[in-house]
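Structure record follows, encoded as structure tokens.
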Amino acid sequence: MDYNSAISKAIPGTFVPDIGDETPKIGPIPGGDQGTIQPAEGEKSFLDTVKDVMSDVNTKMVTADHNAQDLATGRTNDLGKVVTSVEEANLAFQFALAMRTKLLTAYQTIQQMQV
């Protein structure tokens, strides 16, 4: 059936487009049986990136705590180093909390989507 004959048979106000006589082919997504999408070679996955960020935050917190203990016990007199390490740990922790908040907001938004 060509376009002109199909349009000539359409009655105004009752036209519903026909997607064809065959039913859509439904099947599993190729590679979907693996459960997760693997990053391309040489790229880090999102999980690895988050783990690295959390590890970095933990390292900064431990270093700041160690430096503060050294200052309190008199093992060091470098107040600038202690203040800098504590502030770095504070900023890293604030970043991690902001990232957590953004991820939770994104998750909640996706969860509320109508399918």
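For region 45-115, the convex hull drawn through the C-alpha positions has a volume of 72 cubic angstrom per residue.
Extending 7 Å from Cα along the Cβ direction at residue 51 and again at residue 75 yields two label points whose distance is 3.0 nm.
In this structure, residue 93 and residue 38 have a Cβ-Cβ separation that, at R0 = 25 Å, corresponds to a calculated FRET efficiency of about 0.20.
Since every read-out is calculated from the coordinates, none of them should be taken as a lab result. Keep in mind that this is a model prediction, so the values were computed, not measured. Glycine gets a Cβ as well: all are built from the backbone with ideal geometry, and neighbour counts include every protein chain shown.
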